[in-house]
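Data block below; observations after.
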Amino acid sequence: MPVVLIADEVYEVGLAARVSVVHVGSGRALLERDFVVSHRRALNDPERGWSVSGLLFLYPYTLDADAYADVREALWPHAQEALALEVLTWLREALPPRLAEADALELREPATDEEPEAEVPTGPGPR
C-alpha cells in the first residue's frame, strides 16, 4: 500500500451547542442544557488534502486553510451526527416528564390577559 494512503495523522472537530425547550402555551423554559461533542479520526493524504509539502512529509506543520477545509468536510458530518444523537437521547428522557409538569401547571393557573381590577375601599373613610 502506498504511504500516502495510510491514515497517519489524527484530527478532531468539536461542536458546542446550547439547547433550550420553551413551552409554547406559557412561554416558560422547560429544559436547557449545554452540549459539547467531538469526532476524532486519523486521515490519510487524500482525505486531508494534497499538497507538495505533504509529499515531503512536512505535515501537519504546513497545513493551509484549504487542507483544514478538507479535514472539516471529512469530520464535520460525524460530529453533527454525534450532537444530534446526544440531544435526541436527552430529549427522549427529559422532555416527557417536564411536559407533563408544565401541562399540570397550565391547568392550575388560569390564563388571563386582563389586568386585575383595582380594589375599591369599603367602610368608613377618613373624615
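At a glance:
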read-out: Failed item, numbered, when Ser53 is tested on (1) modelled with pLDDT of 70 or more; (2) assigned to a helix (DSSP H, G or I); value: (1)
read-out: Which listed residue is at pLDDT 85 or above and either in a loop (DSSP other than H, G, I, E, B) or over 30 Å from Ala102 (Cα atoms) (or both), from Glu12, Glu47; value: Glu12
read-out: Whichever residue in the stretch 76-127 is among the aliphatic types (A, V, I, L, M) and at pLDDT below 85 and, among such residues, is surrounded by the most Cβ atoms within 10 Å (Cβ to Cβ); value: Ala102
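The values are calculated or read from the model by the stated rules, or taken from the named source; none is laboratory data. Computed from a prediction, not measured in an experiment: that's the story for all the values here. Neighbour counts run over all protein chains shown; Cβ positions are idealised from the backbone, glycine included.
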